[in-house]
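Engineer: Below: one structure in structure tokens.
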Amino acid sequence: MAEVSKNQVEKALEAVIYPGSGKNIVALGMVSEIFISDAKAYFSITVPADKASEMEPLRLAAERAAKSVEGIAGAVVALTADRKPGQQQPAPARPAAATGRPATQPGSSKVGVPGVRAIIAVASGKGGVGKSTTAVNLALGLQTLGLKVGMLDADIYGPSLPRLLKISGRPQQQEDRIILPMENYGLKVMSMGFLVDEEAAMIWRGPMVQSALMQMLREVAWGELDVLVLDMPPGTGDAQLTIAQQVPLAGAVIVSTPQDLALLDARKGITMFRKVEVPLLGVIENMSYFIAPDTGARYDIFGHGGAKAEAERIGVPFLGEVPLTISIREMSDAGTPVVVAEPDGPQAAIYRDIAEKVWARIGAGERKAAPRIVFE
């Protein structure tokens, strides 16, 4: 089958007329850059902010038009709100459920995920500090406590959970269009990495990332979970703020290496969560020290104790030190995290200890049910 071009999808979208204008959404310049990957079309439609809640039929029409193109098996269509200068930006519009219930209105309280008792975020101020590896082993450590655990890969641009957990293939959908999460090592997992090829470059703007995150969170059949661990993207941008402001997080875990440069960025992450009133569960110092496998000698390659000192300075709990070891790196690359590959080893014990401290701080209260939104 010949590869589908963006022009073919755009041509099909010319059949979608904006209500009351007599003109199509392409001619009106409402359609974003169209991204096609693995027979799916991804794009957003910019609509007036004051009419965003009325635009679900338009979104559905655009979705049907895109799927009518031969070679397109599915479409992810997001609504984004336009605003005039000086007009307050409303919260991102959420599509109404397939049952016809209204979308959640801007300014509503945070709503959780049905069946999920607590949601925690694992974050870092910058990339390269081993956040995803830490998040995976923390999740598995929580599981060793007898908890039911799931993971959401919130890093849209650089999803790593499929590789770290050795999961391949595409998730399936139920009849009600709810996605079934992938699973390995007893963890239920959802990631954009399951929906696009590993080498595909995601070139979405902020509103599309926000829409995709909320859909992956709330339109997945997580079932009954004690904890859902969010592997956050690095930094303090749109994705982080979307989750912090719209999801009832039980708390956030900050991962940093000991050196001053990493700590500088970690402080930004801590500040962001405090500003949006998300509890800080603690700080983890990753790559805290290196143990030479041949001699057993210890080397503080990135310094040592910086994250602990910073945690004490700002009054945040210090959760523990994770060493830089060849085994953690090799097992992560192989998709066999150290907590399951060497459960009786010293590194697994460190992660379990951190997991116990995190769980003790969560409280794990029940969360409100979330509205259903469409993911196709």
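Engineer: So residue 39 passes all but one of these: (1) on the phi > 0 side of the Ramachandran plot; (2) at pLDDT 85 or above. Which condition number does it fail?
Structural biologist: (2)
Engineer: Okay, next question. Kindly indicate the residue of the stretch 311-332 that is over 24 Å from residue 295 (Cα atoms) and out of contact with any helix residue (DSSP H, G or I) (no Cβ under 6 Å at 6 or more places or on another chain) and also surrounded by the fewest Cβ atoms within 10 Å (Cβ to Cβ) among those meeting that condition.
Structural biologist: 315
Engineer: Out of the residues in the stretch 169-191 meeting the condition of being of a type in the set (A, V, I, L, M, F, W, C) and at pLDDT 85 or above, tell me which one is surrounded by the fewest Cβ atoms within 10 Å (Cβ to Cβ).
Structural biologist: Filtering the stretch 169-191 for residues that are of a type in the set (A, V, I, L, M, F, W, C) and at pLDDT 85 or above, the one surrounded by the fewest Cβ atoms within 10 Å (Cβ to Cβ) comes out as 180.
Engineer: Mind checking which residues of the stretch 208-256 are in contact (Cβ under 8 Å) with a residue 40 or more places away in the chain, among the hydrophobic types (A, V, I, L, M, F, W, C) and assigned to a helix (DSSP H, G or I)?
Structural biologist: 208, 209, 212, 213, 214, 216, 217, 239, 243, 244
Engineer: Moving on to the next point. Please go through the stretch 11-29 and pick out each residue that is surrounded by 16 or more Cβ atoms within 10 Å (Cβ to Cβ) and of a type outside the set (Phe, Trp, Tyr).
Structural biologist: Within the stretch 11-29, 12, 13, 16, 24, 25, 26 meet the criteria.
Engineer: Is it the case that some residue within the stretch 261-281 is surrounded by fewer than 19 Cβ atoms within 10 Å (Cβ to Cβ) and over 25 Å from residue 246 (Cα atoms)?
Structural biologist: Looking through the stretch 261-281, at least one residue is surrounded by fewer than 19 Cβ atoms within 10 Å (Cβ to Cβ) and over 25 Å from residue 246 (Cα atoms).
Engineer: Under the condition of being in a loop (DSSP other than H, G, I, E, B) and among the aliphatic types (A, V, I, L, M), which residue from the stretch 291-320 is nearest to residue 138 (Cα to Cα)?
Structural biologist: Looking at residues that are in a loop (DSSP other than H, G, I, E, B) and among the aliphatic types (A, V, I, L, M), I get 316.
Engineer: For the stretch 125-152, how many residues meet the condition of being open to solvent by 10 Å² or more (accessible area, probe 1.4 Å), closer than 21 Å to residue 265 by Cα and among the hydroxyl-bearing types (Ser, Thr, Tyr)?
Structural biologist: Residues meeting the conditions: 2.
Engineer: Also, quick follow-up: Exactly one of these conditions fails for residue 288: (1) of a type in the set (S, T, N, Q); (2) assigned to a loop (DSSP other than H, G, I, E, B); (3) open to solvent by less than 10 Å² (accessible area, probe 1.4 Å). Give me its number.
Structural biologist: Unmet for residue 288, out of (1) of a type in the set (S, T, N, Q); (2) assigned to a loop (DSSP other than H, G, I, E, B); (3) open to solvent by less than 10 Å² (accessible area, probe 1.4 Å): (2).
Engineer: Oh, and also: Kindly list the number of the only condition in (1) under 24 Å from residue 192 (Cα atoms); (2) without any contact (Cβ under 8 Å) to a residue 12 or more places away in the chain; (3) not in a helix (DSSP H, G or I) that fails for residue 41.
Structural biologist: Failing condition for residue 41: (2).
Engineer: Hey, among the residues in the stretch 14-35 that are modelled with pLDDT of 80 or more and touching a Phe, Trp or Tyr at 6+ places or on another chain (Cβ under 8 Å), which one's farthest from residue 75 (Cα to Cα)?
Structural biologist: Filtering first and then ranking leaves 28.
The values are calculated or read from the model by the stated rules, or taken from the named source; none is laboratory data. Remember, it's a predicted structure, so these values are computed and weren't measured experimentally. So basically every Cβ, Gly included, is an ideal-geometry build from the backbone, and we count neighbours across all protein chains shown. Keep in mind that these areas ignore ligands, DNA and RNA; they rest on the heavy atoms of the full protein, side chains included. Shrake-Rupley method; radii C 1.70, N 1.55, O 1.52, S 1.80 Å.
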